[in-house]
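Q: Below is a structure I'd like to ask you about.
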Amino acid sequence: MNQWWRWSGDGTTKGRGSFAVIGVGRFGSSVCAELLRSGAEVLAVDHSQRAIDALRQLDAAIEARVLDCTDEEALRAAGVLDLPTVVVAISEPIEASITATLICKDTPGTRVKRVIARATSDLHMKMLQRVGADRVVFPSKMMGERLGLELVRPNLLEQLRLDDRNCIEEITVPSAFIGQSLRDLNLRRHFNVNVLAAGPAGMLRVNPPASHVLAEGEVLVVIGAAEALRALPGS
């Protein structure tokens, strides 16, 4: 068996940034694709040969196996329990995702330090947390939240959440700001946010001077508390 993920004597994997993904449907395969793009090593497992074949079309060299994701010995033999981070991307049946999470976290000898599990409901989330999931994500809920932001804040282009309180946002310049300089606006004083960059899309100037006059269609990159950013005028 090609155990590229075999642990060395100092407790680290052969390659830095090694992950297991259990369940490679639409969500799981997207996770794999992003990890691979970032240069991480990925071990993917799924009970469906079709899902594994589809995944290999993204990257023929990916380490992917067909197995029963609720079988402790199968997960151990595949090497899943030897990796520090496991993404349980199974959506249904929820019993399978709960069992896989429990195996990764509670099996004697497991080396898994972190399990990130996908939930499809609040009850599912609570059950995953109960069996030890370190983080639970709601892909559909995240998409819904993004849509809600776009509906209420049409000038929002991108958002990077730094923590539970602070964000970096890229917005189109609100109509109320057009023709005014950053000095005149004084966003730090009036809105408690800081400007990181400004200018035409694709030609942003980092740390722009206070004399910079905002024009229609330009972009602002600002940082601050989420509440302060929501208080900025819309387009």
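Computed from the coordinates by the stated procedures, all read-outs in this text should not be read as laboratory data. Treat the numbers as computed from the prediction; the structure is a model and nothing was measured. A quick note on method: Cβ atoms are made from the backbone with ideal geometry, for glycine too, and the neighbour counts reach across all protein chains shown.
Q: Sticking with the crude label model, points 7 Å out along Cα→Cβ, report the distance from Asp68 to Ser140 in nm, one decimal please.
A: 2.8 nm
Q: Starting from the Cα of Asp163, step 7 Å along the direction of its Cβ; do the same at Arg37; then give the gap between the two resulting points in nm.
A: Using points 7 Å along Cα→Cβ, the separation is 2.8 nm.
Q: Run the helix sum for the chain: -39,500 (n - 2.57) per DSSP H stretch of 4+ residues, divided by residue count, reported at 222 nm to the nearest 500 deg cm²/dmol.
A: -9500 deg cm²/dmol
Q: Counting Lys and Arg as +1 and Asp and Glu as -1, each charge on the Cβ, what is the dipole of the chain about the Cα centre in debye, to the nearest 20?
A: 460 debye
Q: So what is the relative contact order for segment 163-228, in percent, with contacts set as C-alpha pairs under 8 Å and at least six apart?
A: 47 percent
Q: Could you work out how far the C-alpha centroid of segment 184-234 sits from that of segment 111-132, in angstrom?
A: When both Cα centres are located, 38 Å separates them.
Q: Which of the peptides 131-139, 181-189 is most tightly packed, and how do the rest follow, going by the mean number of other Cβ atoms within 10 Å of each residue?
A: For the peptides 131-139, 181-189, the packing ranking is 131-139, 181-189.
Q: Taking H as built 1.01 Å from N, whose amide H comes closer than 5 Å to the amide H of Asn155, not counting residues under 5 places away?
A: Those qualifying (amide H under 5 Å, at least 5 residues apart or on another chain) are Ser235.
Q: Which cross-chain or sequence-distant (5 or more) residues have an amide H under 5 Å from the amide H of Glu63, H modelled 1.01 Å from N in plane?
A: Those qualifying (amide H under 5 Å, at least 5 residues apart or on another chain) are Val42, Ala44.
Q: Just the Cα atoms of the chain, one point each, no solvent: what log10 I(q)/I(0) does Debye give at q = 0.15 Å⁻¹?
A: So the normalised log intensities work out to -0.95.
Q: Now for a different question. What order do you get for 111-122, 199-210 when each peptide is scored by the mean count of other beta carbon atoms within 10 Å, highest first?
A: Going by the mean number of other Cβ atoms within 10 Å, highest first, we get 111-122, 199-210.
Q: Please find, in a Gaussian network model of the chain (springs between Cα atoms separated by less than 10 Å), the residue of Ser30, Ser48, Ser38 whose mean-square fluctuation is greatest.
A: Top of the fluctuation ranking is Ser38.
Q: Also, I was wondering about something else. For a protection proxy built on the mean count of beta-carbon atoms within 10 angstrom, sort 218-225, 159-166 highest first, please.
A: Peptide ranking by packing, descending: 218-225, 159-166.
Q: Would you please give the FRET efficiency between Asp122 and Ser48, computed as 1/(1 + (r/R0)^6) with r the Cβ-Cβ distance and R0 = 35 Å, to the nearest 0.05?
A: 0.80
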